[in-house]
Amino acid sequence: MGFVKEDRTLVWGHRGASGYAPENTIQSFELAVKQGADGVELDVQLTKDGKIVVIHDEWVDRVSDGRGWVKDYTLAELKKMNFNRTHPEYKRAEIPTLEEVYELLAPTGLTVNVELKTGVFFYPGLVEKVMKATAKAQMEERVIYSSFNHYTCRYVHEKDPQALVGFLFGDGIYRAPDYVAELGGNAIHPMISNVQYPDFLADAARLDLPVNVWTTGQGESMLPLVMEMGVNAVITNYPDRMLKTAEEVAKGVKQNV
């Protein structure tokens, strides 16, 4: 599929097709593939016994029938929990390992945005384990790493200067494209409202930094506009909806040229 857009804005499933299936589960990623997403975004953390699991929150309470921190459970203990809480219409959903998700996605050609969750707990060894799993799955050219912890972003580049890294942030970074470029980033992953900052997209284009926006839901109405403005990708809970929007916007742009 490729990391940089060609004919239209790319659509990456946020934690899979999480608007329809339990987030960050095999079912959610399978659905994103079926809906035609160009890629998926997922989150990784380490278990008590050092295994890489795919989950967003540092605790399991919101998404499962369990309680407590991810880091305090072994993989076997986490596998016993039911991670269907965001979509109980699915009777059973397991927490997957990164290796299991790679096995599912390897044949698809999709881009995989791996968010390293090192904001609350630093998870020593997480970067090395994730990069080893990526290499073993032969996914290096299809994976872009990201993190809200920009020390982690820099560390990824120190470990492998060829690795693709996107800097995640919510808001408030002055001249963010220049900041990301200075730190060696390959892309910017801002909350969608950031594109309204003065010269944000122009500066990103000047620095050859693809802009991959994400939204927590409040910014959905802005998506057609930011697609017209030239963002590279949108990270969304609803890949099917956004694919239709992206195609419609691309068609309209071509007609106006």
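Could you check the range 1-80 for strands (runs of 3 or more DSSP E) lying wholly inside it with 3 or more residues that are over 14 Å from Leu105 (Cβ atoms) and open to solvent by less than 20 Å² (accessible area, probe 1.4 Å)? Walk me through it before giving the result.
On the way: elements: 10-14, 39-46, 52-54.
In the range 1-80, 39-46 are the strands (runs of 3 or more DSSP E) which contain 3 or more residues that are over 14 Å from Leu105 (Cβ atoms) and open to solvent by less than 20 Å² (accessible area, probe 1.4 Å).
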>> Given the options Ala204, Ala133, name the one that is over 19 Å from the mean Cα position of the chain (by Cα), among the aliphatic types (A, V, I, L, M) and at pLDDT 95 or above.
In response: Ala204
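Of the residues Gln162, Gln196, which is polar (S, T, N, Q) and within 25 Å of Ser221 (Cβ to Cβ)? Before the answer, list the steps.
Values: Gln162 fails: within 25 Å of Ser221 (Cβ to Cβ).
Residue meeting the stated conditions: Gln196.
Picking from Thr134, Thr111, Thr97, which residue would you name as being more than 16 Å from Glu41 (Cβ to Cβ) and open to solvent by less than 20 Å² (accessible area, probe 1.4 Å)? Outline the logic, then answer.
Numbers: Thr134 fails: more than 16 Å from Glu41 (Cβ to Cβ); Thr111 fails: more than 16 Å from Glu41 (Cβ to Cβ).
Within the list Thr134, Thr111, Thr97, the selection yields Thr97.
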>> I'd like to verify a number: residues in the range 176-213 that are open to solvent by 60 Å² or more (accessible area, probe 1.4 Å) and over 18 Å from Gly230 (Cα atoms), how many?
In response: 2
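Within the range 86-113, which residues are of a type in the set (Val, Ile, Thr), in a strand (DSSP E or B) and either touching a Leu at 6+ places or on another chain (Cβ under 6 Å) or over 19 Å from Val70 (Cβ atoms) (or both)?
We begin by selecting, within the range 86-113, every residue of a type in the set (Val, Ile, Thr); these are 86, 95, 97, 101, 108, 111-112.
Add one more test, that the residue is in a strand (DSSP E or B), and what stays is 97, 111-112.
Thr111, Val112 - these are the residues of the range 86-113 that are of a type in the set (Val, Ile, Thr), in a strand (DSSP E or B) and either touching a Leu at 6+ places or on another chain (Cβ under 6 Å) or over 19 Å from Val70 (Cβ atoms) (or both).
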>> Any residue at all in the range 238-251 that's modelled with pLDDT under 95 and over 24 Å from Leu110 (Cβ atoms)?
In response: no
> Hey, which of the helices (runs of 4 or more DSSP H) in the range 172-257, taking only ones fully inside, have at least 3 residues that are without any contact (Cβ under 8 Å) to a residue 12 or more places away in the chain and over 30 Å from Tyr155 (Cα atoms)?
Replying inline: 239-256
> Which residue, of Val54, Val44, Val40, Val33, is among the hydrophobic types (A, V, I, L, M, F, W, C) and touching a Gly at 6+ places or on another chain (Cβ under 7 Å)?
Replying inline: Val40
> Are any residues in the range 91-111 more than 11 Å from Ala133 (Cβ to Cβ) and in contact (Cβ under 8 Å) with a residue 24 or more places away in the chain, and if so, which ones?
Replying inline: Ala93, Glu94, Ile95, Pro96, Leu104, Leu105, Ala106, Thr108, Gly109, Leu110, Thr111
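The values are calculated or read from the model by the stated rules, or taken from the named source; none is laboratory data. Since we're looking at a predicted model, the values are computed, not measured. Neighbour counts run over all protein chains shown; Cβ positions are idealised from the backbone, glycine included. Keep in mind that these areas ignore ligands, DNA and RNA; they rest on the heavy atoms of the full protein, side chains included. Shrake-Rupley method; radii C 1.70, N 1.55, O 1.52, S 1.80 Å.
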